[in-house]
1. Of (1) at pLDDT 90 or above; (2) crowded, with 21+ Cβ neighbours inside 10 Å, residue 114 satisfies all except one. Which?
2. Check the range 47-67 and report whether any residue there is over 23 Å from the mean Cα position of the chain (by Cα), surrounded by 17 or more Cβ atoms within 10 Å (Cβ to Cβ) and within 20 Å of residue 134 (Cα to Cα).
3. Report the residue count in the range 241-264 for those that are under 22 Å from the mean Cα position of the chain (by Cα), over 23 Å from residue 283 (Cβ atoms) and touching a residue at least 40 places away in the same chain (Cβ under 8 Å).
4. How do the strands (runs of 3 or more DSSP E) wholly within the range 166-225 filter down when requiring 1 or more residues that are within 13 Å of residue 238 (Cα to Cα): which remain?
5. When only residues in the range 190-231 that are over 20 Å from residue 252 (Cβ atoms) and free of Cβ contacts under 8 Å to residues at least 24 places away in the same chain count, which is surrounded by the most Cβ atoms within 10 Å (Cβ to Cβ)?
6. Please count how many residues of the range 52-84 are part of a loop (DSSP other than H, G, I, E, B), touching a strand residue (DSSP E or B) at 6+ places or on another chain (Cβ under 6 Å) and within 24 Å of residue 186 (Cβ to Cβ).
7. Provide a single number: the residues in the range 264-283 that are in contact with a strand residue (DSSP E or B) (Cβ under 6 Å, 6 or more places away or on another chain) and either in a strand (DSSP E or B) or crowded, with 16+ Cβ neighbours inside 10 Å (or both).
8. Just for the range 85-103: of the residues that are at pLDDT below 95 and either in a loop (DSSP other than H, G, I, E, B) or not assigned by TED's automatic domain parsing to the domain that holds residue 129 (or both), which one is surrounded by the fewest Cβ atoms within 10 Å (Cβ to Cβ)?
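The values are calculated or read from the model by the stated rules, or taken from the named source; none is laboratory data. Quantities reported herein were computed from a predicted structural model and do not represent experimental measurements. Cβ: placed from backbone, ideal geometry, glycine included. Neighbour counts: every protein chain shown.
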């Protein structure tokens, strides 16, 4: 039996690995309807199985959510998400098949399956479903400018003491999902010139007062800071925070993931822990 990761956000990395991840890029958190340019091979034009997950907009699994096939020869078939949010549907699917996800106290979403490569079935890629449902409460507004501090677990003795706490300047901006008028997600971007590498930030999912800080879940780094010419600090993981008030002045959470230190001589030390910290303070 496939085990759903302890943190729902990690399902994106799991599906990326099984659906043809490219260039270290995670699958989108909220898949859109499949593009008409994607080709459905014969193998997927008949009876097949589509696996997926249902979470809220802060990446928390929604056990008991229902996913129903809305169109095609398999219309009416349903599946119920297990305790970890996974669903599995078997039937006759084409590229136009629509699915609808519902859960108590959440909005409903309708969409098609998705695939991360141009031809589903090529290179081991398979069709998949990923639903993110808004709770029926207003989300907090965390847009603004912040200082963001990362504090390494004190047990990370291979990271020099003076580098175990790093502070950056960050801007958080609303990124509404699909046709949802209220922001269900925010992008955090770091403006410091010391940032190197592919990413300079991450997505923050919002469900009411709950935040899911999707720092790529330990899959790859969302922050790579150059300390000196050949010295750097990298961070990846996931954090959950519950905030008070509609516009919180501070967001603080335990960071479950890893912090990696590369020394000037090229040695690399990776420290995984559930006791790292992330602190955002509004300016």
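1. Condition (1) is where residue 114 drops out.
2. no
3. Final tally of qualifying residues: 4.
4. Numbers: elements: 185-190, 201-207, 210-215.
In the range 166-225, 201-207, 210-215 are the strands (runs of 3 or more DSSP E) which contain 1 or more residues that are within 13 Å of residue 238 (Cα to Cα).
5. Checked the range 190-231; the qualifying residue surrounded by the most Cβ atoms within 10 Å (Cβ to Cβ) is 200.
6. The number of residues fulfilling the criteria is 5.
7. At the first step, the residues of the range 264-283 found to be in contact with a strand residue (DSSP E or B) (Cβ under 6 Å, 6 or more places away or on another chain) are 264, 268-272, 274, 276-283.
Next, from what is left, pick out any that are either in a strand (DSSP E or B) or crowded, with 16+ Cβ neighbours inside 10 Å (or both): 268-272, 274, 276-282.
Here the count works out to 13.
8. That would be 96.
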